[in-house]
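The values are calculated or read from the model by the stated rules, or taken from the named source; none is laboratory data. Worth saying up front: this structure is predicted, and the values here are computed from it rather than measured. We place every Cβ from the backbone using ideal geometry, glycine too, and count neighbours over all the protein chains shown.
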Amino acid sequence: MSHLFDTYARMPVDIVRGEGPWLFDTEGQGYLDAISGIGVCSLGHAHPRVAEAIGDQAGRLIHTANIVGIPLQEQLAARLADISGLDRAFLANSGAEAIECALKLARLHAHARQVKTPTVLVTDNAFHGRTLAAISASGNPALQQGFAPLVDGFVRVPFGDAQAALDALDRHPEIVAVLVEPIQGEGGVRVPPDGYLPALRKACDRHDALLLLDEIQTGLCRTGHWFAHQHEATSRPDVLLSAKALGNGVPIGACLARGNVADLMRPGSHGTTFGGNPLACRAALEVLAVMDEEDLAARSNQTGQRLRERLSAALADHPAVHEIRGRGLMIGIELTTDCGALKLDALKQGVIINVTRGNTVRLLPPLIIDQSQCDQIADTVIHIIQQRFPS
Ligand SMILES: *Cc1c(COP(=O)(O)O)cnc(C)c1O
């Protein structure tokens, strides 16, 4: 019997080592990782520069309380400001904690505006993490099942429907913020129509509401830019959440904000024991340096295009395939029926994939995969879909 909580449906393989895009089980069998630990290990596993930075930092200083100055935090915040265009950062340990910080900022913004019942506009099928506030904001009833009472103060509209968001903002003057993913990840790799984020930006300006963008999965070169909202010039957020790939596996999250929004927090308003510790900051600085030097945004764009083209050429007309979509190396293949069994089919072929919302194959391979690894992922996915759903 396992002594772990039974919270995950695990595949029947025990992984003990990784190298680049490869994972190895206890027998030394290798698997091509087409999901990067759910969008975390964008540089691949055991990246030498990240490993070296972590080792060096572990021998200097891993942790000190946030009651002293931490230069590595300052450096990381400055770098994050640089790539996001925002001003200040709160460093946390996970995506959900970054979301909590953003929701607390929204409440501070509301109370500064004398709004009595602060409300945040969220979307169907959203995923923002697993804390109580995050599951309350998320749009999948399965996440909320059994955990009532939830956190109050959310209004929900369909994802990708700018008009529905504008109507909600007109109808509910107590909406003080809009929280949305630029491309939904867990929700099925859903890409909104062009103009969606700019329309939300404009509506937020009109209603003095904050635009909170959850780029925990879409950020850090995954979709071909530092951040996915940068595909459209006029969609700059007030608050931007990052995590997942930021430490390439070392836990770290960040809530970035415009200066006057960040300034709503004062000493004592918010905090964390581990958040922004020197080890995590050093890892994140190295990750950002590698992404920059190797131009992984451009590479993600190119490899993603190749992967999507190959998948489309073989599967676009397949009767079991509803749609192939995504940006950069964030790719979804929605089938017309449930396809959870494909995970094991892929594992048997030596590739690790993920299925989300029951019917969508999700691919988030490391951004460093080469063309032959890209083609191996494409060939495997094509093969297992054709085999399980003969046309
Ligand atoms: C993974 C994810 C989160 C939650 O991050 P954790 O680190 O698991 O708390 C939030 N939002 C999005 C879009 C995510 O993909």
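Numerical summary
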read-out	value
VAL361 being touching a residue at least 24 places away in the same chain (Cβ under 8 Å), of a type in the set (Val, Ile, Thr), buried (at least 16 other Cβ atoms within 10 Å of the Cβ) and not in a strand (DSSP E or B)	no
Hey, ALA245 in contact with a strand residue (DSSP E or B) (Cβ under 7 Å, 6 or more places away or on another chain) and either surrounded by 24 or more Cβ atoms within 10 Å (Cβ to Cβ) or free of Cβ contacts under 8 Å to residues at least 40 places away in the same chain (or both) or not	no
Positions within segment 80-106 being under 14 Å from PHE227 (Cβ atoms) and within 12 Å of the ligand (Cβ to nearest atom), in sequence order	ALA98
Residues of segment 118-138 that turn out to be buried (at least 19 other Cβ atoms within 10 Å of the Cβ), away from the ligand (no atom under 11 Å from the Cβ) and among the hydrophobic types (A, V, I, L, M, F, W, C), as a count	4
Residue in segment 162-177 that is under 18 Å from CYS255 (Cα atoms) and in contact with a strand residue (DSSP E or B) (Cβ under 9 Å, 6 or more places away or on another chain) present	yes
Qualifying residue in segment 308-316 (condition: surrounded by fewer than 18 Cβ atoms within 10 Å (Cβ to Cβ), at pLDDT 95 or above and in contact with a strand residue (DSSP E or B) (Cβ under 9 Å, 6 or more places away or on another chain))	yes
Residue ID - farthest from the ligand (Cβ to nearest atom), chosen from residues in segment 146-183 that are touching a residue at least 60 places away in the same chain (Cβ under 8 Å) and either surrounded by 21 or more Cβ atoms within 10 Å (Cβ to Cβ) or part of a helix (DSSP H, G or I) (or both)	VAL176
Residue identified as more than 11 Å from the chain's Cα centre (by Cα), at pLDDT 95 or above, closer than 24 Å to ARG308 by Cα and not hydrophobic (A, V, I, L, M, F, W, C) among HIS231, HIS207	HIS231
Number of positions in segment 215-274 that are more than 11 Å from the ligand (Cβ to nearest atom), assigned to a loop (DSSP other than H, G, I, E, B) and touching a Ser or Thr at 6+ places or on another chain (Cβ under 8 Å)	7
Which numbered condition VAL115 misses (of (1) part of a loop (DSSP other than H, G, I, E, B); (2) within 14 Å of the ligand (Cβ to nearest atom); (3) in contact with an Asp or Glu (Cβ under 7 Å, 6 or more places away or on another chain))	(2)
The one condition in (1) within 16 Å of the ligand (Cβ to nearest atom); (2) among the small types (Gly, Ala, Ser); (3) farther than 20 Å from PHE227 by Cβ that GLY28 fails to fulfil	(1)
Residue check for ASP379: at pLDDT 95 or above, outside any loop (DSSP other than H, G, I, E, B) and more than 21 Å from GLN302 (Cα to Cα)	no
Among the candidates ALA257, ALA262, ALA243, residue that is out of contact with any Lys or Arg (no Cβ under 9 Å at 6 or more places or on another chain) and either at pLDDT below 95 or aliphatic (A, V, I, L, M) (or both)	ALA243
Where MET1 falls short, out of the listed (1) at pLDDT below 95; (2) touching a strand residue (DSSP E or B) at 6+ places or on another chain (Cβ under 7 Å)	(2)
